[in-house]
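Student: Quick one: this structure, given as structure tokens, is what I'll be asking you about.
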Amino acid sequence: MPPRPDEAELFAKSAQNAYKQFRDKAAFSRSMAVDKMEENAQGRVWTGKDAASRGLVDAIGGLSRAVAIAKQKADIPQDRPVTLVELSRPSPTVSEILTGIGSSIVVWREH
């Protein structure tokens with residue numbers, strides 16, 4: 001059953017609000033003006049190289065690269081093993097998904 005017009009409008013406004021919050025946080029964390037972030041990001045998904053050329057990411061790589069960077073920032077020797085622990089939550093509501101609250105939390109722990 002399609003949503004009622006008022007429901008569709010609420011969904012669209014919620015999605016736009018979530019996007020703006022994400023964009024503003026991303027701009028702040030990258031020391032980039034919001035209008036520059038909007039110009040670069042445009043709500044799109046970029047390849048790693050394209051995102052890097054636009055200043056949207058610090059480095060290109062997968063999980064192992066992210067762990068190596070986290071170890072470096074936390075002054076943990078690279079050869080020290082760590083365990084990644086995913087803390088799951090109950091299934092998020094649509095509202096939580098739209099506001100970004102429903103994502104999983106990943107933490108790492110030293111051995």
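The values are calculated or read from the model by the stated rules, or taken from the named source; none is laboratory data. All of these numbers come straight from a predicted model, not from anything done at the bench. Note that we place each Cβ from the backbone using ideal geometry, even for glycine, and neighbour counts take in every protein chain shown.
Student: Considering only the stretch 31-46, how many residues are in a loop (DSSP other than H, G, I, E, B) and either in contact with a helix residue (DSSP H, G or I) (Cβ under 7 Å, 6 or more places away or on another chain) or closer than 16 Å to Q16 by Cβ (or both)? Don't jump to the end; show me each part of the working.
Tutor: Going residue by residue through the stretch 31-46, those that are in a loop (DSSP other than H, G, I, E, B) are 31-33, 42-46.
Applying the additional criterion that residues be either in contact with a helix residue (DSSP H, G or I) (Cβ under 7 Å, 6 or more places away or on another chain) or closer than 16 Å to Q16 by Cβ (or both) yields 33, 42-44.
So the count comes out to 4.
Student: Looking at (1) at pLDDT 85 or above; (2) in a loop (DSSP other than H, G, I, E, B), which one does S91 not meet, given that it meets all the others?
Tutor: (1)
Student: Separate question: In the stretch 38-54, which residue that is farther than 30 Å from T83 by Cα and small (G, A, S) is surrounded by the most Cβ atoms within 10 Å (Cβ to Cβ)? If you could, list the steps in order and put the result at the bottom.
Tutor: Looking only at the stretch 38-54, we keep the residues that are farther than 30 Å from T83 by Cα, and these are 38-44, 50, 53-54.
Pick out the ones that are also small (G, A, S) and you get 41, 43, 53.
Values: A41: 21, G43: 11, S53: 12.
The extreme case among them is A41.
Student: Out of everything in the stretch 21-37 that is without any contact (Cβ under 8 Å) to a residue 24 or more places away in the chain and not aliphatic (A, V, I, L, M), what residue ends up being surrounded by the most Cβ atoms within 10 Å (Cβ to Cβ)?
Tutor: Restricting attention to the stretch 21-37, the residues satisfying the condition of being without any contact (Cβ under 8 Å) to a residue 24 or more places away in the chain are 23-25, 27-29, 31-37.
Cutting the leftovers down to not aliphatic (A, V, I, L, M) gives us 23-25, 28-29, 31, 35-36.
Working: R23: 17, D24: 13, K25: 12, F28: 11, S29: 9, S31: 7, D35: 9, K36: 13.
Of everything passing the filter in the stretch 21-37, R23 is surrounded by the most Cβ atoms within 10 Å (Cβ to Cβ).
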